[in-house]
């Protein structure tokens, strides 16, 4: 089980955040090279997953197809179901090694082809769902020397609303402000360490779901210590 604390800053503040993190006595280190992260999120036609998040429901889940790199036409990836209960999350992952065609595919056909490559239990999770958001960003990975904390810095967030097109598209981007997203992650039993780290950095944590930001840009709230400067 994993505990996450998130905060949103102006994208222009991320270099300052990165410099401060790398100069900490805690000796954070790069976990691996930066990379592009892409996801297609699923929801019901009534946007149940988004509405559950906005309502602050303590038990909720979301489903996404995720892959890494700049590819948009086809990619191997994995289906991830994230579940959250009172701020603590779990994630079930089903990897698919054979590339799945993405851009230009009929939305229903994409779901059907994804279902065909999944075990029966995972296929059931896609019932009544459809692709609704395609999200892309660049991610930097840092971690503490003891392995208790992992910090990611996300920039160049771009979202493409799939509800406006019969096929998957990454050409018409949703207008979004230039924001950076910081996530501090730890196993549930290191929750206190994560909270202490965030307090020590002077960040104000806040709700931050890229899925919700893509669906409802008006929900963006800068939560860093520089928000009022």
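What does a probe at residue 32 reach in region 55-89, counting residues whose amide N is under 17 Å from the point 7 Å along Cα→Cβ?
Label zone hits: 66-71, 76-80.
If R0 is 25 Å, what FRET efficiency do you get for residue 128 and residue 97 from their C-beta distance, rounded to 0.05?
Computed FRET efficiency for residue 128 and residue 97: 0.40.
For a label point 7 angstrom out from the Cα of residue 196 toward its Cβ, which stretches of region 136-157 have the backbone nitrogen within less than 13 Å?
148-149
What is the calculated FRET efficiency for residue 106 to residue 83, with r their C-beta to C-beta distance and R₀ = 41 Å, to the nearest 0.05?
E(calc), rounded to 0.05, equals 0.90.
I need 112, 174 ordered by Cβ neighbour count within 10 Å, fewest first.
Final ranking by Cβ density, sparse to dense: 112, 174.
Taking neighbour Cβ counts within 10 Å as the exposure measure, how do 201, 1 sort from fewest upward?
Sorted ascending by nearby Cβ count, the order is 1, 201.
Fewest to most neighbouring Cβ within 10 Å: what's the order for 137, 68, 41?
68, 137, 41
No lab work stands behind these numbers, since they all come straight from the coordinates. Everything numeric here is computed off the predicted structure, so don't read it as measured data. Here Cβ is always computed from backbone atoms with ideal geometry, including for glycine, and neighbour counts include all displayed protein chains.
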